[in-house]
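J.: This is the structure, below, for whatever I ask next.
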Amino acid sequence: MAKPVVKKKYTLTERVYLIEIIKGLGLTFKHFVFNVKASFRPGPHTVPTCWQYPEDRREIAPIFRGAHMLMLDDQGRIKCVGCGMCAKACPAQCITVKRGKVAEGEESKYVGKTYPEEFVVDLTRCIFCGFCEEACPKGAIVLGPEYELAQYTREECQLTKEGLLANYYKAKEEGKLKPPKKPVPVAASAEPVAKKAAAAKKAAPKKVEAQGAEAKGDAKEAKAKEAEAKKAEKEQKSEG
Amino acid sequence: MNWVIAIIKVVFIWTWCLLWATVMTWAERRGSAMIQDRLGPNRAGPFGLFQPIADGIKLFTKEEFRPKTARKILFNLGPILFAIPAFSAYAVIPFGDKIVIGGKEILLQVADVNIGFLYVLAIGALAVYGIVVGGWGSNNKYSILGGLRSTAQLISYEVPWGLALLAAVFVYGTFDLRQIALEQTGTFLGFLPNWGVFKQPLGFLIFTVAAYAEANRVPFDLPEAESEIVAGYHTEYGGMRLGLYLFGEYVNLYTLSALCVTLYFGAWNLPYIDMSKFLGPISYGIASFVVFWLKVMVFLLSFIWVRWTVPRFRYDQVMRLGWKTLIPLALFNLLITALFIQLTV
Amino acid sequence: MEVRRPTIEDWDNPGDLVTINIGPSHPAMHGTLRVIAQTDGETIVSAEPEIGYLHRGVEKLGEHLTYHQFIPITDRLNYCSAIANNVSYEMAVEKLMGIKVPEKAQVIRMIMMELARIADHIVCIGILGVDLGAFTPFFYLFIQREEIYEIFEWYNGARLTNTFGRIGGVEADLPEDFEERWRKLLPNLKKAIDETDKLLTHNRIWMDRTIGVTAFSPEDALSWGFTGPCLRACGVKRDLRKDEPYCFYDQVDFEIPVGKHGDVFDRYIVRMIEMEESIKIIDQAIKIYKEFPPDAPLMAKVPKIIKPPVGEVYSAIEAPNGELGFWIKSDGSDKPYRIKIRPPCYMVYQAFPELVQGEMIADLIACLSSLNIIAGELDR
Amino acid sequence: MGLKEDVQNTLGELALDFLECQGDLSVTVPKDKIVEVLTKLRDNLGFNFLSDVFGVDNSVFYEKLAKAKAKKKKGEEDKEEEPQGPPPPRFEVVYLLLSLETNKRLAVKIQVPEDDLVVDSVTCLWKAADWPERETFDMFGIRFKGHHNLKRLLMWDEFPAHPLRKDYPLEGQGEERILEYND
């Protein structure tokens, strides 16, 4: 087998190993001095790039996708109605929801007329894609800020309703609840959007159009979501 | 009384070497961390200084694992063969001038032999057996590759190393390391310290490069190139057997640095200042020891510094550098030195 | 000039050769690759890659998931640049359905993809350095990669497996502090690239280790189906961003770096320059992004349950590693009938025996790192 | 455009069927002539780059289409009966070609019946077909005549089935050894 032979002419500074190596040594020495100085700063987070983990934690994004939590509304009622949309949307099939009817006298605990009798998220299967959050018509399941998920047994990785609520309380206490998600503006129609080159010029007139579209789109989306939730409820009923 | 003093000196230098080997492991990790924008081990003790102790405990208490297919005798012998020459090479290198206690003059050197130079060369060459025997005894292809690479590398680089040292011997006219150290006082050409490095700049360069190769350090760390042959000759080792290899390596570094300081950087002599003139006999001994040790530390740290800056050579490039560049250079250096001495003397 | 390298036929008794089994668990094997190498001393006479250790049946899985549910699965292909995979898949489905994605969403996709490209190249170059014994640039670069992940995290809440975008658009607008973060990151990133350049490029040890190592001719490279930086290193000027522009790549100004010999050094340099070009693209893309009103549409009008018409399409983008294509066949239901992924490093890696034949063991490692083989993408 | 006409002109009778979907053109050619067709396309039309080779199992596809049609027909019921021909071959092998000069893509398809799973290898034209053909063999059991090293690629050698066939369950058939752990 024949192979091309590559020969490159080295410049003199390259040919003599030492010059470039000394340049490199100078560079690493600069870092060394900087970091030694930095490491004598007070506080746990000294070298700017090193986080002293248990004491010193990185600020995580408010929309971080960690362990799930089951949301409550302002009056402390469980938002979930047990429709099972999340379980359907989940690519990893890690959510199990069993719907039950709210018993008399317990109406103050739940938002809807139905409630999740059983709600299990299997964290060993979950891939934290956040599709359940998007699918939920009530905004009841949300991926929270919790990221320390190591457990000793598999059973502990099954996040039950209590665990989900505990996650919620913890996040609420720490003030890490997600800010409400901005609705995504949807294009008014399926028509192709204007040509790219004209994008900048058309920006202004488009604005008005888009605003209208957004409002419409939102209303429609919300309606569609509700309708689907109802449908799912029906289906579950028929199954039950 | 002489043998008591000798034993004290031996024990002292052993513990000293071991101590600095352990401190070196700490310095290596912290230093590399600082170079790489990290923090390194900082949990055990102040600045993580107790980390080597924790590592030592870990190595001692680990299971002494031996692969079933390994050759038992050779496998056990390897680390020992590696560690013993590493520790014994230091015997002839002075670590200070002399200390006078109760009218008795004690040389700060374990053994003052007049061929100390040759002793270091000979013992240093023995270390390769430990690597080869360990690599062969492990019965692992990566180990044997590491062992072979190491043999080739050590033998190749001993030639320019020896030639560079030979040129130094020409300059000093003696094999006795203490004598060499004593000669490096005063000034050279009137303004430079009378150190070997100024008389033998090329020799020093060759010596340093070859020393990196002898110590298996980056950029010559082929015998244990992690990404290529896993861990080279000590792939199969664990526990204290591995510990012996690692310790041996650091002790080797210490010896090489001490040798370099002795030959090229005036041993315990400070430039332009003669400490013996204004220090008492005991304090002079201690001061000479401290100066020597500080110089050695600078070299040790430079080993770390270089390691975390440059990439690794390839096997054939190491050989090419050794045989085609360093040996001709060393011969040239030898020739120039000889000519110079012939003309001036 | 060419030299003849020994092949296995030259040995009367191939048993004389030493078989070295590199991987699947070896410090230099990225993920779970395995190479069975026949060596004569240190020289490799033949090498046979063995793949499939990370085979998770992604294509089979795709036939059982809905179109939307497959997006997170594509994250796990080339996990170093998950966003490029997501976008490639989404574009294929959009093409199948004939959806036109709103322009603002396209710009956001472009910005994110270029960030992912930088992150991917950082991994490749960093690991290449580590495998050749230079540890330090790896850390300088990886810190900046963390910062890029930070941007991703503040965009949609995930760092590595982003699940970026939805079919028909993107799921969110760029956060308000995006540009601020980018401006903060930019000087550090440039400095890190510069420092890596200083530490490696002109260092003779590095040059000796990389120049001429596993050189490849452009004809061979095309025949083997090379794409991306590996092909460009061979001297073929091909980049889907220029040749088959998608998103806004025809509106931004950038260069395509081209190598000469296709050796490790050229691959390294091509990747280094591409990072700088990506920075340029992002800067221009941010300018385009700013021209859109804040409430411009981000999603096309897409039905809730995606049921593309019967048909089959192939759509490819220039992922950091090369042409990443999805061939999707639809039978009109809500699940794809067949998804075929064309991973770039799959095509590159099959030429591996020819690349390393006659080189040394150390070169095998260098070659492997410079090709940027990602096992998740390779085995699917 | 005119790619379709070009292909038609180049291949003549060899082009059995064209399918156009969202601008992607694919052409079906006879199975035995695949090397000839690809050589012609490469030399005459400049399709000099082989993107990918892979198989498709169509066994369920036609069933599904028929079902969908039947559903529609219930409502309409006035269309004429489709002529019932022999069932189309089960497998398809798709070659994705690309022209580096014109940046046009073309999919060439061959139909492979289940009782004759042998196709000529195109590794003689492009080396790139090496692993994709092996993978097709691995996943569908289609053999490639003339391939120098046709063995399983992603699955292990003893694997008994071809997992991307539609009759293979997603969960597998228990080929993996079940490991039992003792706590």
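The values are calculated or read from the model by the stated rules, or taken from the named source; none is laboratory data. Small disclaimer: the values here were computed from a predicted structure and weren't measured. Note that each Cβ is placed from the backbone with ideal geometry, even for glycine, and that neighbours are counted across all protein chains shown. When the accessible area is computed, the model is the full protein with side chains, heavy atoms only, and any ligands, DNA or RNA have been set aside. Shrake-Rupley method; radii C 1.70, N 1.55, O 1.52, S 1.80 Å.
J.: Treating the Cα atoms of the range B:258-299 as identical point scatterers in vacuum, please give the log10 of the normalised Debye intensity I(q)/I(0) at q = 0.27 Å⁻¹, two decimals.
T.: Here log10 of I(q) over I(0) equals -0.91.
J.: With a 1.4 Å probe, what is the total accessible area buried between chains C and D, in Å² rounded to the nearest 100?
T.: By this definition, chains C and D bury close to 4100 Å².
J.: While we're looking at this one, here's another question. Using only the Cα atoms of the range C:238-342, each taken as one equal point scatterer with no solvent, compute I(q) by the Debye sum, divide by I(0), and report log10 of the ratio at q = 0.10, 0.14, 0.16, 0.17 Å⁻¹.
T.: Result of the Debye calculation: -0.46, -0.81, -0.94, -0.99.
J.: Give me the mean projected area, in nm² to one decimal, of the convex hull enclosing the Cα positions of the range B:4-68.
T.: Average of the hull's projected areas for the range B:4-68 equals 7.3 nm².
J.: Using per-residue counts of other Cβ atoms within 10 Å, averaged over each peptide, order D:101-109, A:147-155, A:64-72, C:365-373 from highest down.
T.: So the peptides D:101-109, A:147-155, A:64-72, C:365-373, ranked by packing, come out C:365-373, A:64-72, D:101-109, A:147-155.
J.: In 10 Å bins starting at 0, how do the alpha-carbon pair distances of the range C:61-379 split up by percent?
T.: Over the range C:61-379, the share of Cα pairs per 10 Å bin runs 6, 28, 34, 22, 8, 1 percent.
J.: Give me the three principal axis extents of the range B:192-249 from the C-alpha atoms, as integers in angstrom, largest value leading.
T.: 49, 24, 11
J.: Return the Rg/Rh ratio of the range A:12-58 with Cα-based radii and a Kirkwood Rh.
T.: Result: Rg/Rh = 1.28.
J.: Over the range C:101-232, consider all pairs of different Cα atoms and compute the Kirkwood hydrodynamic radius from their mean reciprocal separation; express it in Å, one decimal.
T.: Evaluated on the range C:101-232, it is 16.9 Å.
J.: Please give the Cα centre distance for the range B:23-70 versus the range C:293-331, rounded to the nearest Å.
T.: First find each Cα centre; the distance between them is then 51 Å.
J.: Same structure again: Which log10 I(q)/I(0) values, to two decimals, does the range C:8-50 give at q = 0.18, 0.20, 0.26, 0.31 Å⁻¹ under the Debye formula with one point per Cα?
T.: With no solvent term, the Cα-only Debye profile gives -0.51, -0.60, -0.86, -1.05.
J.: Over all residues in C:311-319, what is the mean tally of Cβ atoms on other chains that come within 10 Å of each residue's Cβ?
T.: Mean number of neighbouring Cβ atoms from other chains: 5.
J.: Where the Cα atoms of the range B:101-148 are projected onto their three principal axes, how long is each span, largest first, in whole Å?
T.: Principal axes ranked by extent give 59, 21, 11 Å for the Cα atoms.
J.: I've got another one for you. Identify, among D:Met155, B:Gly124, B:Leu192, the residue whose Cα sits farthest towards the positive end of the charge dipole of the protein assembly as shown, taking +1 on the Cβ of Lys and Arg and -1 on the Cβ of Asp and Glu, with the dipole about the Cα centre.
T.: Going by the charge dipole, the pick is B:Leu192.
J.: To continue, here is another question. Helix C:82-97 versus the longest principal axis of chain C: what angle, 0 to 90°, nearest 10, using Cα atoms?
T.: Value to nearest ten degrees: 60.
J.: So what is the relative contact order for the range A:68-174, in percent, with contacts set as C-alpha pairs under 8 Å and at least six apart?
T.: Relative CO of the range A:68-174 lands at 34 percent.
J.: Also, I was wondering about something else. How much of the calculated P(r) for chain B lies past 36 Å, in percent of all Cα pairs?
T.: 22
J.: More than 26 angstrom separation, counting every C-alpha pair in chain D; what % is that?
T.: 42
J.: Follow-up. On the protein heavy atoms, probe 1.4 angstrom, tell me the percent of accessible surface of chain C carried by carbon and sulfur.
T.: C and S fraction of accessible area: 53 percent.
J.: Is there a simple number for the mean count of other chain Cβ atoms within 10 Å of the Cβ of residues in C:111-119, and what is it?
T.: Shielding by partners across C:111-119 averages 0.
J.: Rolling a 1.4 Å sphere over the protein heavy atoms, what is the accessible area per residue of the protein assembly as shown, to the nearest Å²?
T.: With all protein chains present, the protein assembly as shown gives 43 Å² per residue.
J.: Run down the aspartates and glutamates and flag those whose C-alpha is under 18 Å from the C-alpha of B:Lys324, throwing out any fewer than 8 positions away in its chain.
T.: Candidates past the 8-residue exclusion: A:Glu14, B:Glu158, B:Glu214, B:Asp316, C:Asp208.
J.: Take the alpha-carbon centre of the range C:58-92, take the same for the range C:9-35, and report the distance between them in whole Å.
T.: 33
J.: Then there is this: Give, to the nearest whole percent, the P(r) tail of the range C:287-380 beyond 19 angstrom, counting all Cα pairs.
T.: Cα-Cα pairs of the range C:287-380 separated by over 19 Å account for 63 percent.
J.: Less than 14 Å apart at the alpha-carbon level, and either on another chain or at least 8 residues along: which aspartates and glutamates does that give for D:Lys151?
T.: Filter leaves C:Glu48, C:Glu50, D:Asp130, D:Glu133, D:Glu135, D:Asp138.
J.: Using only Cα atoms, what Kirkwood radius does the range B:40-81 have, in angstroms?
T.: By the Kirkwood definition, the hydrodynamic radius is 12.6 Å.
J.: Quick one: grab the alpha carbon gyration tensor of the range B:203-345, order the square roots of its eigenvalues as a ≥ b ≥ c, and give me rounded if a/c is under 1.5, else prolate or oblate depending on whether a/b is larger than b/c.
T.: Oblate, since a/c reaches 1.5 and b/c is not below a/b.
J.: Which residue, chosen from B:Ala267, B:Asn216, B:Ala111, occupies the Cα position most advanced towards the positive end of the dipole of chain B, where the dipole is computed from +1 (Lys, Arg) and -1 (Asp, Glu) charges on Cβ about the Cα centre?
T.: Result: B:Asn216.
J.: Then there is this: Which value in Å does the Kirkwood hydrodynamic radius of the range C:1-76 take, with 1/r averaged over all unlike C-alpha pairs and then inverted?
T.: For the range C:1-76, inverting the mean 1/r across all distinct Cα pairs yields 15.6 Å.
J.: Now, a different point. Once you compute Rg and the Kirkwood Rh from C-alpha atoms, what is the Rg to Rh ratio for the range C:53-122?
T.: 1.00
J.: Now for a different question. Mean Kyte-Doolittle of at least 0.0 plus a Cα span of 27 Å or more along the axis: flag which DSSP H helices in chain B meet both, please.
T.: Both cut-offs are met by B:2-35, B:116-137, B:141-172, B:239-264, B:281-307.
J.: Next up: What is the mean number of Cβ atoms from other protein chains located within 10 Å of the Cβ atom of each residue in peptide C:254-262, rounded to a whole number?
T.: Across C:254-262, the average partner-chain Cβ count within 10 Å equals 1.
J.: Go through C:Lys100/D:Lys4; C:Lys100/D:Lys40; D:Lys104/D:Lys127; A:Lys37/A:Lys181 and tell me which ones have a Cα-Cα distance over 32 Å in this structure.
T.: C:Lys100/D:Lys40; A:Lys37/A:Lys181
J.: Just order B:24-33, D:161-170, B:107-116 by mean Cβ neighbour count inside 10 Å, highest at the front, would you?
T.: B:24-33, B:107-116, D:161-170
J.: Using the C-alpha atoms of the range A:68-174, what convex hull volume per residue, in cubic angstrom, is computed?
T.: Spread over its residues, the Cα hull of the range A:68-174 gives 99 Å³ apiece.
J.: Then there is this: For the protein assembly as shown, what ratio Rg/Rh do Cα atoms give with a Kirkwood hydrodynamic radius?
T.: 1.03
J.: Nearest 100 Å² is fine: how much accessible area is buried between A and C, summed over both sides, with a 1.4 Å probe?
T.: 5800
J.: For every other residue with a beta carbon closer than 14 angstrom to the beta carbon of D:Phe144, add +1 if it is Lys or Arg and -1 if Asp or Glu, then tell me the sum.
T.: 0
J.: Which of the peptides D:144-157, C:191-204 is most tightly packed, and how do the rest follow, going by the mean number of other Cβ atoms within 10 Å of each residue?
T.: C:191-204, D:144-157
J.: Tell me which residues come under 5 Å, amide H to amide H, from D:Leu97 once H is placed; ignore anything under 5 positions away on its chain.
T.: The answer is D:Ser51, D:Leu106, D:Ala107, D:Val108.
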